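Chemist: Please see the structure below; I have some questions.
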Amino acid sequence: GNSVTQMEGPVTLSEEAFLTINCTYTATGYPSLFWYVQYPGEGLQLLLKATKADDKGSNKGFEATYRKETTSFHLEKGSVQVSDSAVYFCALTRRQGGSEKLVFGKGMKLTVNP
Amino acid sequence: GAVVSQHPSRVICKSGTSVKIECRSLDFQATTMFWYRQFPKKSLMLMATSNEGSKATYEQGVEKDKFLINHASLTLSTLTVTSAHPEDSSFYICSARDSRMATGELFFGEGSRLTVL
């Protein structure tokens, strides 16, 4: 079935450090891929997405490229800020019963120190 | 942007009692809402799809008589944990998509933390 495997962390970085969060997936067909972020005390928010191979999603300095050959969607940011401290979830969609449903990875908690 | 609100954000109850959690879409209509359960250090697990005006669709392994879902209007879905036990303690999250869009961004509530004593 469809599944997502991502780095679990937790990870602590200093401000301005480079960030990579690995995410690989297993899926039938061609799913859409997502990164969601959950800031402390808030609900999940869509950070970025990619709907087909070689697409690059980007938002708030974060980027991820849909790599079909390696079934990966790694999240990167060149210089993290304290405000990036959050839990990051990789996810994909699967279609079931006429509706699209999200399948999530386990999430990775990132703490950025000043 | 679109907002989904859950209530209560935290609830503590005694074993054997029932607890209702509400999920509201505040500025859009949602014919479909999703209920997730999140365990510590685990991913979000989809429990069921809530369909306005019809029965919810439950994922495999989720007890429909245990987790009652009612989607009575286009802006409200409720999850009732019946005869709660300590193992039901968890973080419950709902999400919804604007009905006007066949596909599109899912908006998530802030989550409801249930603790069963």
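No lab work stands behind these numbers, since they all come straight from the coordinates. Note that the structure is a prediction, hence the values are computed from the model and not measured. Note that we place each Cβ from the backbone using ideal geometry, even for glycine, and neighbour counts take in every protein chain shown.
Chemist: So for A:Lys106, B:Lys14, B:Lys41, fewest C-beta neighbours within 10 Å to most, what's the order?
Modeler: B:Lys14, B:Lys41, A:Lys106
Chemist: Provide the net charge surrounding A:Ala27, with neighbours chosen by a C-beta distance below 12 Å and charges set as Lys +1, Arg +1, Asp -1, Glu -1.
Modeler: Net charge around A:Ala27: +3.
Chemist: Suppose each label sits 7 Å from its Cα in the direction of the beta carbon; what would the A:Ser83-B:Ser54 distance come out to in nanometres?
Modeler: So the label points at A:Ser83 and B:Ser54 sit 4.3 nm apart.
Chemist: Further, regarding this structure: By count of other Cβ within 10 Å, fewest leading, how are B:Tyr58, A:Tyr30, A:Tyr25, B:Tyr92 ordered?
Modeler: A:Tyr30, B:Tyr58, A:Tyr25, B:Tyr92
Chemist: Mind giving me the nanometre distance, one decimal, between the label points for B:Val3 and B:Thr82, set 7 Å out from Cα along Cα→Cβ?
Modeler: Modelled inter-label distance: 3.4 nm.
Chemist: Follow-up. Please find the FRET efficiency linking B:Phe39 to B:Arg10, where r is the Cβ-Cβ separation and R0 is fixed at 22 Å, and quote it to the nearest 0.05.
Modeler: The computed FRET efficiency comes out at 0.85.
Chemist: With N set to the number of residues, divide the alpha-carbon radius of gyration of the protein assembly as shown by 2.2 N^0.38 Å and report two decimals. Mind showing how you got there, number by number?
Modeler: Working: Rg = 17.7 Å, N = 231, 2.2 N^0.38 = 17.4 Å.
For the protein assembly as shown, the normalised Cα radius of gyration is 1.02.
Chemist: Moving on to the next point. Compute a Gaussian network model of chain A, connecting alpha carbons closer than 10 Å, and tell me which residue from A:Leu13, A:Leu48, A:Leu33 fluctuates the most.
Modeler: Result: A:Leu13 has the largest fluctuation of those listed.
Chemist: What is the list of residues in the range A:63-102 whose amide nitrogen lies under 17 Å from a point 7 angstrom out from the Cα of A:Tyr39, following Cα to Cβ?
Modeler: From the range A:63-102, the list is A:80-89.
Chemist: Sticking with this one: Under a Cβ-Cβ limit of 4.7 Å, which cysteines in chain B have nobody to pair with?
Modeler: B:Cys13
Chemist: Over 21 Å, how big is the tail of the calculated P(r) for chain B, in percent of all Cα pairs?
Modeler: That fraction is 31 percent.
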